[in-house]
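J.: Starting off with a structure, shown below.
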Amino acid sequence: MHIETQAELLKLSRLLETDETNLAFLDGQDLTAIANFRSAVSGFFYEQHQDSYQRLAGISKLVPTGASAKLATTVLGSVLAAGIASELPPERAIKLADKLPEDFLAKLCIHLEPKYSRDLLAAMPDKIVASVAKTLLSMGEHITLARFVAVIQPSALEAVTRSIDDGEAMVKIALYLEDKSKLDTVLALLNEAQQRATLKAATDHELWPAVLSLNGHLNTELRGQMGNLVAEQGEAVLSHIIEVASEQRLWTNLLQAVNAMDNQHQQLVVNIATLRDAPVMESLIATVASENSWDELLALLPLLDQEHLTPAVDVLTQSQPEALGQALSQAHDSKLLGLFGHLPDAELPRVAKVLKSHAAENWQAFAARNGDAHEIEALKAQMA
Amino acid sequence: MSDSISTLKTKGLPADALAFIESLPADQANKLADTVLAALETKDARVEKAMNNALNVVPGPFRRPVKKMLFG
């Protein structure tokens, strides 16, 4: 199961108070559709008691905040208090929050309904947010923290990120973020030690599928920054990442990461021995073909040394000969020229043979568009 | 339509959530509707329990009218 599907089903199973394995049948459904369903059901659950929350909130407004806080902890409990807090004006709820014990406030936050508590969380002072976040972190409440991250003020977010040094928690919070466009903001707030901690956690806690998947949501600059740190993890870790990309079909994410690295790190990663394994190369090219990420792959193929290029050409000419035709029709010409120009003379006969047998039309169109390109002169001669 | 789906419809589950359930194959739709309904009952019971706890601080003779006033 894809890591982001796992994360979504975990969030849904938590809402529905069931084990996530009971919802495994939803694997394959559109992720956004599941998330929208979860959001609608969450609101529906809340609305069943919203009238009562509103009435209790009305009474709470008549009582001094100190007394309200005492009532909340001794009589109401965190479930009711969460509903009431969402119905209070934010300024009143904040005064109340300031008088609640940290652990009670953290439990209350777990029960907040996202849609109805958005204004409250957005208005929370940095000091309270940071303190609650610390407690939630110690409780392993990564899903709740991810909800926090999505709505709190930038200054509060800075305070929270400064206080987190647990790499595993950082990866999980990022994975559970509803709006992945927030990832750039969050990652940019992490210092290099924190960024390195996320990568160490990925290795220590089998979180590479999450890191690879999340990488696809980053802007190019951050992707490059993280990519360079990944490349410095050593051959054993890089081989493991390649295996993960192969098993979970996360090749496109990995290729995007490698493309964003600096050239020295790219050379290092694309010439890792694991990439020479036939099943790995098969998986890479099959995924690229199904996800149409030819440009990402083709940009890197010219960096392969001969030892690594041969297995790639083996797949393109033997086990997946139709792939070259697809690449010719989908990739940018400049990327294809890069590959063809990098082919050693010894490889040209078998590439020419496959182009003739499986991609004649696409090749002719490509050659016509690039009639004066020196990169394909030798191949054209082979085709003649 | 299964009992659970009908019940959820009666209780006001939003149309888009119902549409998602009904877009699934019948056995999966029933399973998901059963799970949503079971969660709703668990959460109802939890809120009810919390409300009863809260009402316990109200003197006995006033509990029923206060409960009616607050929780309908």
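J.: Out of A:Leu229, A:Ala367, A:Gly58, whose Cα points farthest toward the positive end of the dipole of the protein assembly as shown (charges: +1 Lys, Arg; -1 Asp, Glu; placed on Cβ)?
T.: After comparing all options, I get A:Gly58.
J.: Using the charge dipole of the range B:3-71 (Lys, Arg: +1 at Cβ; Asp, Glu: -1 at Cβ; taken about the Cα centre), state which of B:Ala54, B:Thr35, B:Ala15 has its Cα farthest towards the positive end.
T.: Of the options given, the answer is B:Ala54.
J.: Something else about it: Take the Cα radius of gyration of chain A and divide it by 2.2 N^0.38 Å, with N its residue count; two decimals is plenty.
T.: In units of the globular-protein estimate, chain A measures up at 1.26.
J.: While we're on this one: By how many degrees, between 0 and 90 and to the nearest 10, does the Cα long axis of helix A:360-369 differ from the longest principal axis of chain A?
T.: 90
J.: Further question on the same structure: Rule-of-thumb check for the range B:3-71: C-alpha Rg over 2.2 N^0.38 Å?
T.: 1.54
J.: For the range B:3-71, what's the relative contact order in percent, using C-alpha pairs closer than 8 Å and at least 6 residues apart?
T.: That works out to 26 percent.
J.: Roughly how many debye, to the nearest 20, is the charge dipole of chain A about its Cα centre, given +1 on each Lys and Arg Cβ, -1 on each Asp and Glu Cβ, and no other charges?
T.: 1420
J.: Which percent of Cα pairs goes in each bin when the distances of the range A:23-138 are cut into 10 angstrom slices starting at zero?
T.: 13, 43, 29, 12, 3, 0
J.: Follow-up. Only loop residues by DSSP count here, and only those with at most 11 other Cβ atoms within 10 Å; note down the GluC sites (Glu not before Pro) in the range A:5-38 that meet that.
T.: Answer by residue number: there is no such site.
J.: Give me a single rounded figure for A:191-202: the average over its residues of other chain Cβ atoms within 10 Å of their Cβ.
T.: If you average over the peptide's residues, the count of other-chain Cβ atoms is 0.
J.: Can you flag which of A:Lys99/B:Lys68; A:Lys70/A:Lys95; A:Lys115/A:Lys180; A:Lys115/A:Lys182; A:Lys61/B:Lys11 are past 20 Å Cα-Cα?
T.: Listed pairs above 20 Å: A:Lys99/B:Lys68; A:Lys61/B:Lys11.
J.: While we're looking at this one, here's another question. Could you tell me how far the Cα centroid of the range A:229-246 sits from the Cα centroid of the range A:91-137, in Å?
T.: 39
J.: Under a point-charge model restricted to the Cβ atoms of Lys and Arg (+1) and Asp and Glu (-1), what is the dipole moment magnitude of the range A:277-364 relative to its Cα centre, in debye to the nearest 20?
T.: Computed charge dipole of the range A:277-364: roughly 300 debye.
J.: Within a Cβ distance under 11 Å of A:Gly77, other residues only, what is the Lys/Arg minus Asp/Glu net charge?
T.: Spelling it out: positives minus negatives among the neighbours equals +3.
J.: Right, here's the next one. State the three equivalent ellipsoid semi-axes of the range A:242-384, derived from the C-alpha gyration tensor as the square roots of 5 times its eigenvalues, in descending order and whole Å.
T.: 24, 15, 14
J.: Next up: Taking Cα pairs under 8 Å and at least six residues apart, what relative contact order does chain A come out at, in percent?
T.: Reported relative contact order: 9 percent.
J.: In a GNM of chain A with a 10 Å cut-off on Cα contacts, which of A:Ile242, A:Ile173, A:Ile34 has the highest mean-square fluctuation?
T.: Of A:Ile242, A:Ile173, A:Ile34, the Gaussian network model singles out A:Ile34 as fluctuating most.
J.: Please order A:His205, A:His217 by the number of other Cβ within 10 Å, starting at the fewest.
T.: Ascending number of Cβ neighbours within 10 Å: A:His205, A:His217.
J.: So what's the back-of-envelope 222 nm ellipticity for chain A, counting only DSSP H runs of four-plus at -39500 (n - 2.57) apiece and dividing by all residues, rounded to 500?
T.: So the calculated ellipticity at 222 nm is -21500 deg cm²/dmol.
A short reminder: the numbers here are calculations on the coordinates, not readings from a lab. As the structure is a computational prediction, the values presented were derived from the model and not from experiment. Cβ: placed from backbone, ideal geometry, glycine included. Neighbour counts: every protein chain shown.
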